[in-house]
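Computed from the coordinates by the stated procedures, all read-outs in this text should not be read as laboratory data. These numbers were taken from a predicted model, which means no experiment stands behind them. Virtual Cβ from ideal backbone geometry, glycine too; neighbours counted across all protein chains shown.
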């Protein structure tokens, strides 16, 4: 899997705002390929074992924001393949029913957000 600069991934996820309500699938999931990309980013950053991908709602722009960070007290923890995603309460609510995936992009590999299937819906590229 080609490496993706962390700053590009962070910038891409900052602009991500799901547009559908997720009720069909409970919770939030990290797909195996998403976990693999997260592990690659952690290795490139020489991050500690306790580090994961933390997703929050930016209070000023009301958009999703992410960074490599350690778990905060009230975060919801989702783990797959040795990777962990930490969701703030607001992010967990907004991402309910979504799956964070990764796949090929024009410049390496990018995260994608899959929402529950609805008529005509497509995965949202975030990289």
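Just a few scattered comments:
- Of the three principal axes defined by the Cα atoms of segment 32-81, the extents in descending order read 30, 21, 20 Å.
- Ranked list, fewest to most other Cβ atoms within 10 Å of each Cβ, for 100, 30, 68, 73: 73, 68, 30, 100
- Taking only the alpha carbons of segment 21-111, we obtain Rg and Dmax values of 12.9, 37 Å in that order.
- Inter-probe distance in nm under a simple model that places probes 7 Å from Cα toward Cβ, at residue 58 and residue 106: 2.1
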